[in-house]
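The values are calculated or read from the model by the stated rules, or taken from the named source; none is laboratory data. The structure displayed is predicted, hence computed values, not measured ones. Please note: Cβ atoms are built from the backbone with ideal geometry, for glycine as well, and neighbour counts cover all protein chains shown. Note: areas computed on protein heavy atoms with side chains; ligands, DNA, RNA excluded. Shrake-Rupley method; radii C 1.70, N 1.55, O 1.52, S 1.80 Å.
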Amino acid sequence: MTEAATRTRAVLLEDDERRLVTMRALLTEHWPELELIHFDNAPQFIDWLPGGVASARVILLDHDLGPSRPLPSGERFEPGDGRDVTRVLAQLQPGCPVMIHSTNGLAVPTMIEHLEGAGWITRRVVPYDDLEWIEETWLPRLSALLRESG
């Protein structure tokens, strides 16, 4: 089995439940062969990368992941952001395309710089109109990116 044949996952960093539901439905409809791996925070995504990134056919990243969250222990959990993930990805061998979906005009250029500087194929989608952008822009851009990357 070739390396490309083992890349069977779409890996998503997204903290908005409504976006997640919409993205999951479109991924399932258009690429039923892809298993969706989802994270709503950067630390768990980063922990997954060493053993999992080789199975990714595409990585889909948001930047803003919300405020800190309370844990059952009373401590606070910091979800990090998309730049945390791109800093780590930049240290790894590029293996699949990455698409960033974020309105954060200050952070996204840094994410792209991290990735492209390390050789990752990177695209960006800017969200608009609640969830409309997912089907209108994100889906076609994802489709083109998957075609381009084989």
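Quick notes on this structure:
- Gained length - residue 8 relative to residue 73, 0.36 nm times residue gap less alpha-carbon distance: 19.8 nm
- A simple rule links phi to the HN-Hα coupling: the Karplus curve 6.51 cos²θ - 1.76 cosθ + 1.60 with θ = phi - 60°, which for the stretch 136-150 gives 6, 10, 4, 4, x, 5, 5, 4, 5, 5, 5, 4, 4, 8, x Hz, with x for Gly and Pro.
- Considering only beta bridges that DSSP places wholly inside the chain, some 15 percent are antiparallel.
- Interchain or long-range residues, amide H under 5 Å from residue 60's placed H: 11, 12, 13, 99
- Heavy-atom accessible surface of the stretch 1-73, averaged per residue, reaches 51 Å², computed with a 1.4 Å probe.
- Karplus 3J(HN,Hα) series, Hz, for the stretch 69-75 with 6.51 cos²θ - 1.76 cosθ + 1.60 (x for Gly, Pro): 10, x, 9, x, 6, x, 6
- Residues whose placed amide H lies under 5 Å from that of residue 125, excluding near-sequence neighbours: 100, 101, 102
- Using every pair of distinct Cα positions in the chain, the Kirkwood expression returns a hydrodynamic radius of 15.6 angstrom.
- Averaged over its residues, the stretch 106-150 has an accessible area of 55 Å² per residue, based on protein heavy atoms and a 1.4 Å probe.
- In this structure the amide hydrogen of residue 34, modeled in the peptide plane, comes within under 5 Å of no amide hydrogen from residues 5 or more places off or on another chain.
- Rounded percent of accessible protein surface that carbon and sulfur make up, the chain, 1.4 Å probe: 51 percent
- Label point at residue 26 placed 7 Å out along Cα→Cβ; residues across the stretch 60-99 whose backbone nitrogen lies under 15 Å: 60-62, 99
- A straight chain from residue 16 to residue 36 at 0.36 nm per residue would run longer than the Cα-Cα distance by 5.7 nm.
- Integer Hz, Karplus 6.51/-1.76/1.60 couplings in order for the stretch 118-128, x for Gly and Pro: 9, x, 7, 6, 9, 10, 10, 10, 9, x, 7
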